[in-house]
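Engineer: Please find one structure pasted underneath; my questions will follow.
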Amino acid sequence: MKRRARRYAWLMGACLVLFGGSLPVYYLFGVGWAVAMCAVAMVLPPIAAIIGNTQDPTDPQDHDAYYGPNAD
């Protein structure tokens, strides 16, 4: 469970950094780079949700696993 939460937090943190950093990039490099950063930031939350909800078969705390040594 900790690994899933850590991965989710890292991806959402990267999303916030990209979104927040797009304003200085807009002033320094132009609109294209800022829009590209926002586009990547837009795609990261669904990916973070998918990765955050993936079962980990090696985690003994994860009882939702349908495969591996912890399958019920």
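All of the numbers you see were taken from the coordinates with simple rules; none came from a lab. All figures in this text were calculated on a predicted structure; none of them were measured in a lab. Backbone-built Cβ (ideal geometry, glycine too); neighbour counts: all protein chains shown.
Engineer: Filter segment 20-32 down to the residues that are more than 16 Å from Leu44 (Cβ to Cβ) and surrounded by 14 or more Cβ atoms within 10 Å (Cβ to Cβ) and list them by number.
Structural biologist: Passing the criteria: Val25, Tyr26.
Engineer: Could you list, in sequence order, all residues of segment 48-58 that are part of a helix (DSSP H, G or I) and surrounded by 12 or more Cβ atoms within 10 Å (Cβ to Cβ)? Give the derivation first.
Structural biologist: Here is the first cut: in segment 48-58, the residues part of a helix (DSSP H, G or I) are 48-52.
Correct list: Ala48, Ala49, Ile51, Gly52.
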